């Protein structure tokens, strides 16, 4: 039976406070950089869904891959069996990722990938005979996932507050947020000084109690495209190694070419002990994520004869891994070079905002851009959260055919408005121009509504 739009909305409970009446456009088709609504309107996807659809909405051959795998075997339990596509994707990831990250643990979502890394860190220290190492240090204004372990390691206040009674009380250092650092000196000196906060916290907690440090090498949705000088992560890696603390890099959002490198940690010149991957692993065509594990972690578990009692029913699903195998073949050096060019082009399309009275900073890492809004450019004071600046700019851009990714809480857990732009890595020139036009116009209109002179 056909249900009306209102009846369909009553049957689904949506996130973000929308409940059963989201008011979202219904998407019935999609191709390349565009979403098509049931009314036939086309929307430029300037967020690649949620920085997921890396290769666009109509990847050649993807349907054939799914159908062929489903015809052969659609599911096995990886607790007892394996399949060719699982083995193949594992080998491909081992070859792609840096250093000795040669072991893929497959899960279904980015949250699960981070959760798995946290549990592996605990198992690693138990295998080494150090049961007191149970603390995972994170950073404020970070986001690592919705599951309780990943959320406990996160510092995104808005997402944490309601569930705080259920979360581990793990400590946090400040975010890697050069725009708002008060450290003095060159960018390199500031980066080293900021990383020093981790050293102090480890010593304060007691190194014998700390299992891991988790961070996004490039800021994701909480502080999009925030990227310190590479000296920051080099110092972080040194500190972690000195204190036998595992470094978990969360590249669920920025891995697979988003920053113009295959992985953001490569751009920083470091190799973590554990690397959480997702989103781009299947480019949105199937649910699959992975935790890449260094050889020394696996070898330590094996030497202690410890099993990893953790997993999920659909982990390593044959259809999802077949999709991932098809997708990974598309990530090439040529694509990554094109990402850097397209990111530069997108940034140039936003140049009219350089003098906007409400734009504090425009940041870019490859084809991920963050536009931060401020009430005062000189003091960098954020807008009152009740003004809803980012949401209003989002609404205006969507009204004019461009979907962007709005965010907030980045400054102090309450205030701080921004947009993230993360279109498909294959985005075309026409879409880039449309994104720039819509975002510039939206920012100007909201600035005018706030009584500010527009650019």
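What to note about this one:
- Just one of the numbered conditions (1) farther than 29 Å from residue 343 by Cβ; (2) assigned to a loop (DSSP other than H, G, I, E, B) is not true of residue 126: (2).
- Qualifying residues in region 193-230 (those that are without any contact (Cβ under 8 Å) to a residue 60 or more places away in the chain, more than 26 Å from residue 418 (Cα to Cα) and in contact with a helix residue (DSSP H, G or I) (Cβ under 8 Å, 6 or more places away or on another chain)) - the one surrounded by the most Cβ atoms within 10 Å (Cβ to Cβ): 199
- Residue list for region 224-271, restricted to those being closer than 18 Å to residue 331 by Cβ and in a strand (DSSP E or B): 249
- Between 81, 105, the distinction of being part of a loop (DSSP other than H, G, I, E, B) and farther than 20 Å from residue 326 by Cβ belongs to 81 only.
- Residue 302 falls short on exactly one of the conditions (1) outside any helix (DSSP H, G or I); (2) without any contact (Cβ under 8 Å) to a residue 24 or more places away in the chain; (3) on the phi < 0 side of the Ramachandran plot, and that condition is (1).
Any read-out appearing in this document is the output of simple, stated calculations on the displayed coordinates, not a laboratory observation. This is a predicted model, so every value here is computed, not measured. No Cβ is skipped: glycine too gets one built from the backbone with ideal geometry, and neighbour counts run over all protein chains shown.
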